[in-house]
Amino acid sequence: MAKSQLIDTQAGEKKGSDASDMTFTSEIKSECESFLSWLNTRFVRFFVAIYQSKLTGMLTNHVFRFVPAPPSGKFDHIYTDDELYKDFNLPQKYIDVIEAVIKERK
């Protein structure tokens, strides 16, 4: 049975969403597509941008520390910003900031 999992790449063990150095793996194409859709939302990219190194542009292990996991805890569909804004009850003023700072991907 194929399943997705988050793995701590330093210890090689499964960890919760608070692990500091993680990778996503799945043998199911639709889960990978769902994960990428979540990762590419402005919502997630905003949290990453806050902690990304401005000098090097590199993503170190701590940049995902405050990125919230999907509300369902699963990568089972294509995520959109509107869905995440609603699920996390973001006020319009915060949505406006995110959309002003993070450009939409094409």
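Any chance you could count how many residues in region 1-50 are within 30 Å of K93 (Cβ to Cβ) and modelled with pLDDT of 75 or more?
Step one: list which residues in region 1-50 are within 30 Å of K93 (Cβ to Cβ), which gives 17-18, 34-50.
Now restrict to residues that are modelled with pLDDT of 75 or more: 34-50.
So the answer is 17.
Determine the pairs where a residue that is touching a residue at least 24 places away in the same chain (Cβ under 8 Å) and part of a loop (DSSP other than H, G, I, E, B), located within region 61-85, has a partner that is polar (S, T, N, Q) and loosely packed, with under 12 Cβ neighbours inside 10 Å with Cβ atoms under 7 Å apart, the partner being 6 or more residues away or on another chain.
Final answer for the pair search is none.
I want to confirm something. Restricting to region 77-105 and keeping residues that are within 18 Å of L36 (Cβ to Cβ) and of a type outside the set (D, E), which single residue is modelled with the lowest pLDDT?
Across region 77-105, the extreme among qualifying residues is R105.
The values are calculated or read from the model by the stated rules, or taken from the named source; none is laboratory data. Predicted model only: the values in this text are computed from it and were never measured. For neighbour counting, all protein chains shown are included, and Cβ atoms are generated from backbone atoms with ideal geometry for every residue, glycine included.
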